[in-house]
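Notes follow once the structure below has been shown.
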Amino acid sequence: MSTAAPAGDWRRLDRRTVLATGLVTAGVAAGAAVPTTLGLSGRFGFAAAVTWVLAGAALLIAGSAGADYVRWRRTRYRVGADRVELHTGLLLVRKRSLARERIRSVDLTAHLLQRVLGLVTVRIGTGEHHGDDSTLELDPVLRAEGERLRRALLERGPTEASGSHREGELATLDPRWIRYAPVSFVAPALGGAAVGAVLQVSDWFGAQGQAIEWASDRFRDFSLPSVIVLLAVAATLAGVVGALGLWVEMWWNYRLEREPGGTLRIRRGLLTSRSVSIEERRLRGVDLVEPLGVRLLGAARVDAITTGLAKDDEEQHGDHNTLLPAAPRQVADGAAAAVLREAASPTAAALTPHPPAARGRRLRRACWAVGVPVLVQALLGALLTPVLLWTALGCAAVGLPVGVLLARDAYRGLGHALSGGYLVTRSGTLRRSTAALERAGVIGWTVRQSYFQRRAGVLNVTATTAAGAGAYTVYDADASEGLAFASEAVPGLLQPFLERAPAGE
């Protein structure tokens, strides 16, 4: 196994962090210089405004670089035989350390400037959820030093596992997968953000009114429905372009590898490179996720169900637990099987369908979800304005068929099964999830049955675990079948709580 720096050998961060900070601040200053100069030129004149902006930019760059120089001088770290320590601070020195046996992740990230300079940010975590006390961040060190730290802190020696032991490359990027980016839910969100950004930037320059007036003049000869359609198309196109760009930035150079010692490593990123490592001994299963648009094209992504994976805001919104981006379903199942060291992925197992009562419950929910807003609009229309009556009619005409289709699709998506050492549960329509959870990772069961579920003869059975989302539910299963499934999945765990029918019944 690789060894780290000897105990007592304190090391500094790379001193080029000062240069990187100065260059980043210079870029920010340059971006703010134009609107600031235009704003000041009206009061002081153009020459004076340029002078003030240049002086302010110089002070800003010098201040940020100086502060980072002090941070560099007062930050040191060392990797000993038992602990990783980090000391930082000028007046109040902050001393933090992690026990090496508790370390569960060593992730490397480098934005574009760091990549040019050969630097990376190293994030060392225990996978616990206690804020800063569970992570150490070395920002930045040389890439070679980051790789050395990752190997030294994660390699635990050879591991033994059943099934396939294939090491090396498990999956690589296929550029054709980019076709799934525009059908994700990110595209409409980015389209709306683009419209908001145009209005915000025009407001910074004091030209928001002129921008709105210019747009109004362009559409003066169009009817209101046509304008709405054109604006929706423009926002959609902007969202599609944004989704394509975001996908390229996040997933370019993607590789999923199994390293010696039982570590899965995901590397990806175009401008900002990311490297995420997951110990296989913490892996408890996989989750095959199919958002509606991606599913219609026959694709899915694969997420890891694992213990001790950090879940702070930055990582949670960065697909930190994603093993494979949206790819053809066959590829996703193959990657899941390779990750779990199985001949066939449990996510491809045949599932037990749920009773018709589950379909009825979803249809009733859809009717309520559409009917209540329609009824409110109709009542307000009768009291206030007939316009709301027409909107209520439109919502009913569109919402009810869509709601029924989604409800029937949600019912068809329900299912559960036992596949070897895994229990499998599937649910959802806008975001369908097929979770394969290791049966040995289940630490408890929660059985819920509402009054209406009792009348329908169905119940929810939830497997609780220390991994992933923490709970995986079989929704609206037949009452006797759901309890039998839970009892068989983890023998002995639920048995003491099951009621046995008297002999002869």
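Would you confirm, using the coordinates I've provided, whether Leu231 is modelled with pLDDT of 85 or more, aliphatic (A, V, I, L, M) and surrounded by fewer than 15 Cβ atoms within 10 Å (Cβ to Cβ)?
It is false that Leu231 is modelled with pLDDT of 85 or more, aliphatic (A, V, I, L, M) and surrounded by fewer than 15 Cβ atoms within 10 Å (Cβ to Cβ).
Checking the conditions here, which among Arg115, Arg78, Arg43, Arg15 is part of a strand (DSSP E or B) and open to solvent by 20 Å² or more (accessible area, probe 1.4 Å)?
Arg78
Please find, among Ala335, Ala327, Ala366, the residue that is part of a helix (DSSP H, G or I), open to solvent by less than 40 Å² (accessible area, probe 1.4 Å), of a type in the set (A, V, I, L, M) and within 24 Å of Gly420 (Cβ to Cβ).
Working: Ala327 fails: part of a helix (DSSP H, G or I); Ala366 fails: within 24 Å of Gly420 (Cβ to Cβ).
Testing whether each residue is part of a helix (DSSP H, G or I), open to solvent by less than 40 Å² (accessible area, probe 1.4 Å), of a type in the set (A, V, I, L, M) and within 24 Å of Gly420 (Cβ to Cβ) leaves just Ala335.
Output the residues belonging to region 249-272 that are open to solvent by less than 20 Å² (accessible area, probe 1.4 Å), farther than 19 Å from Leu340 by Cβ and assigned to a strand (DSSP E or B).
Answer for region 249-272, where residues must be open to solvent by less than 20 Å² (accessible area, probe 1.4 Å), farther than 19 Å from Leu340 by Cβ and assigned to a strand (DSSP E or B): just Arg268.
Evaluate the following for Arg408: is it assigned to a helix (DSSP H, G or I) and within 19 Å of Asp476 (Cα to Cα)?
Yes: the conditions hold for Arg408.
Here are Leu437, Leu459, Leu493: which of them is in contact with a strand residue (DSSP E or B) (Cβ under 8 Å, 6 or more places away or on another chain) and not in a strand (DSSP E or B)?
Leu493 is the lone residue from the list that is in contact with a strand residue (DSSP E or B) (Cβ under 8 Å, 6 or more places away or on another chain) and not in a strand (DSSP E or B).
What number of residues in region 400-417 are open to solvent by less than 50 Å² (accessible area, probe 1.4 Å) and closer than 28 Å to Ala486 by Cα?
Residues that pass the stated criteria total 9.
Mind checking which residues of region 231-254 are hydroxyl-bearing (Ser, Thr, Tyr) and more than 17 Å from the chain's Cα centre (by Cα)?
Correct list: Thr236 only.
On the basis of being assigned to a strand (DSSP E or B), surrounded by 18 or more Cβ atoms within 10 Å (Cβ to Cβ), of a type outside the set (D, E, K, R) and modelled with pLDDT under 95, does Val106 make the cut? Spell out the reasoning first.
Working: assigned to a strand (DSSP E or B): yes; surrounded by 18 or more Cβ atoms within 10 Å (Cβ to Cβ): yes; of a type outside the set (D, E, K, R): yes; modelled with pLDDT under 95: yes.
Yes, satisfied.
Which one is farthest from Glu280 (Cα to Cα) among residues in region 418-439 that are out of contact with any Lys or Arg (no Cβ under 8 Å at 6 or more places or on another chain) and open to solvent by 50 Å² or more (accessible area, probe 1.4 Å)?
Leu430
Residue by residue through region 90-100, note down the ones that are loosely packed, with under 11 Cβ neighbours inside 10 Å and under 13 Å from Ile124 (Cβ atoms).
Ala99
Can you name every residue in region 384-399 that is without any contact (Cβ under 8 Å) to a residue 12 or more places away in the chain and open to solvent by less than 60 Å² (accessible area, probe 1.4 Å)?
Of everything in region 384-399, those that are without any contact (Cβ under 8 Å) to a residue 12 or more places away in the chain and open to solvent by less than 60 Å² (accessible area, probe 1.4 Å) turn out to be Thr385, Leu388, Gly394.
What number of residues within region 260-275 satisfy the criterion of being closer than 21 Å to Leu117 by Cα and of a type outside the set (Gly, Ala, Ser)?
So the answer is 6.
For every residue, the table says whether it meets (1) closer than 20 Å to Asp139 by Cα; (2) of a type outside the set (Val, Ile, Thr).
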| position | (1), (2) |
| --- | --- |
| Val24 | yes, no |
| Gly31 | no, yes |
| Thr36 | no, no |
| Leu40 | no, yes |
| Phe46 | no, yes |
| Gly56 | no, yes |
| Ala62 | yes, yes |
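Among the listed residues Thr25, Thr51, which satisfies the condition of being farther than 25 Å from Asp9 by Cα and open to solvent by 60 Å² or more (accessible area, probe 1.4 Å)?
On the way: Thr25 fails: open to solvent by 60 Å² or more (accessible area, probe 1.4 Å).
Only one candidate passes the filter, namely Thr51.
The values are calculated or read from the model by the stated rules, or taken from the named source; none is laboratory data. Since the model is a prediction, treat every value here as computed from it, not as a measurement. A quick note on method: Cβ atoms are made from the backbone with ideal geometry, for glycine too, and the neighbour counts reach across all protein chains shown. Ligands, DNA and RNA are excluded from the accessible area calculation, which covers all protein heavy atoms including side chains. Shrake-Rupley method; radii C 1.70, N 1.55, O 1.52, S 1.80 Å.
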